[in-house]
Amino acid sequence: MIGLPTGTRVWLAAGVTDMRRGMNGLAAQVQTTLAENPFSGHVFAFRGRRGDLVKLLWWSGDGLCLFHKRLERGRFVWPQATSGSVSLTPAQLSMLLEGIDWRRPQRVWQPQHAA
């Protein structure tokens, strides 16, 4: 994952997005559907119908970047809402891109004693 600047917010577009859309189509969707500025420096994430493909749109300061990832097995965990957006932390985005359920991450072990 590319290191995001401090203060960068991550927005998931709820519902299903047509994955044939490119940079311009997704930027237009950010403006119209999410009512956000695609050139704000925040990351906007979109998921396809099958759930195994995600696209990220991010303004890096000097250009618009489009990243996409397809999982070979499994599905990306996405909000149940059909419209609107959900805000994530960069750590939750990293979990999402790894195919981990970012809504309920569980620690596998906690130390009980210091010595």
All-pairs Cα distance distribution in the chain, expressed in whole percent, bin size 10 Å: 13, 46, 29, 7, 4, 1
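Looking at the chain, send over the antiparallel percent of its DSSP beta bridges, to the nearest 5.
Details: 16 of 19 bridges.
Here the antiparallel bridges make up roughly 85 percent for the chain.
Rolling a 1.4 Å sphere over the protein heavy atoms, what is the accessible area per residue of the chain, to the nearest Å²?
65
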Estimated 222 nm signal from helices in the chain, with DSSP H stretches of n ≥ 4 weighted -39500 (n - 2.57), rounded to 500: -4500 deg cm²/dmol
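The values are calculated or read from the model by the stated rules, or taken from the named source; none is laboratory data. Source: prediction; values computed, not measured. Keep in mind that these areas ignore ligands, DNA and RNA; they rest on the heavy atoms of the full protein, side chains included. Shrake-Rupley method; radii C 1.70, N 1.55, O 1.52, S 1.80 Å.
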